[in-house]
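Everything on this sheet refers to the single structure shown next.
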Amino acid sequence: MRVRKNISQSDVAEVLGISQNAYSKLERGHTRLQMETIFLIIKVLNVPLMQLIDITIPESSK
């Protein structure tokens, strides 16, 4: 979504007050997000919460 909106990792990281490397880890799922961070990302990307969250259910869980 960030890429589609032509927003760099560095731009989002700056708003969040973290390094680009730390933001990259968030995108890859290597770091857990705090609710405050989620709301800041929503604000930066200007998207609804449900659009940001990937709620796909793995095939093995069905």
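The values are calculated or read from the model by the stated rules, or taken from the named source; none is laboratory data. All of these numbers come straight from a predicted model, not from anything done at the bench. Please note: Cβ atoms are built from the backbone with ideal geometry, for glycine as well, and neighbour counts cover all protein chains shown. Surface accessibility is based on the protein's heavy atoms, side chains included, excluding ligands, DNA and RNA. Shrake-Rupley method; radii C 1.70, N 1.55, O 1.52, S 1.80 Å.
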Probe of 1.4 angstrom, ligands and nucleic acids ignored: what's the accessible area per residue over the chain, in square angstrom? 80 Å²
Place the peptides 34-47, 13-26 in order of packing, highest mean first, counting for every residue the other Cβ atoms within 10 Å and averaging per peptide. 13-26, 34-47
Contact order relative to length for segment 1-52, counting C-alpha pairs under 8 Å separated by 6 or more residues, stands in percent at 35 percent
Considering the alpha-carbon set of the chain alone, what are its Rg and its Dmax in angstrom? 12.5, 39
Tell me the carbon and sulfur percent of the accessible area for the chain, rounded to whole percent, probe radius 1.4 Å. 52 percent
To the nearest 10 degrees, the tilt of helix 35-45 (Cα long axis) against the first principal axis of the alpha carbons of the chain is 70 degrees
